[in-house]
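The values are calculated or read from the model by the stated rules, or taken from the named source; none is laboratory data. Since we're looking at a predicted model, the values are computed, not measured. We place every Cβ from the backbone using ideal geometry, glycine too, and count neighbours over all the protein chains shown. Only protein heavy atoms, including side chains, enter the accessible area calculation; ligands, DNA and RNA are left aside. Shrake-Rupley method; radii C 1.70, N 1.55, O 1.52, S 1.80 Å.
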Amino acid sequence: QVQLVESGGGWVQTGGSLRLSCAASGRTFSSSGMGWFRQAPGKEREFVATIDWSSGRRDYLDSVKGRFTISRDNFKNTVDLQMDSLKPEDTAVYYCALESTGRGSFDPLRYDVWGQGTPVTVSS
């Protein structure tokens, strides 16, 4: 069974950068679509970014396009989220997730495995 563990969250000032990393254990990672989601206090969990397993096709939430970059390393079984030009509205707990079709998705219901989350706080 695949397990996901996120790291890299923390506190940063507006305009700063953080790099989140998600390490996967298990043999299905390299054929899986991966995604990052976030949940701010009192809000629904929302899609942030996704990457498929073969072509590297990426999709992003409109508000993070040009600021966030998702990448994956199928040899190291990791997926990262580079976050630049951070804003207070990016404050949330960030989760990585895995879906078994390999295509990635913006829909959280398509994901089978979730990490425990890592908090990100952006101060103004």
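Its relative contact order, with pairs defined as Cα atoms under 8 Å and 6+ residues apart, puts region 62-104 at 28 percent. Each other residue within a Cβ distance under 9 Å of residue 47 adds +1 if Lys or Arg and -1 if Asp or Glu, for a net charge of -1. Computed over the chain, the alpha-carbon pair-distance distribution with 5 angstrom bins reads 2, 13, 24, 26, 19, 10, 5, 1, 0, each value a whole percent.
The portion of the accessible surface of the chain made up by carbon and sulfur, rounded to a whole percent, is 50 (1.4 Å probe; DNA, RNA and ligands excluded). Accessible area per residue for the chain is 52 Å², calculated with a 1.4 Å probe on protein heavy atoms, without ligands, DNA or RNA. The radius of gyration of the Cα set in region 17-86, together with its Dmax, comes out at 12.4, 37 angstrom.
Once the Cβ-Cβ distance between residue 31 and residue 67 is put in as r, and R0 is 22 Å, what FRET efficiency do you end up with, to the nearest 0.05? Efficiency for this residue pair is about 0.15.
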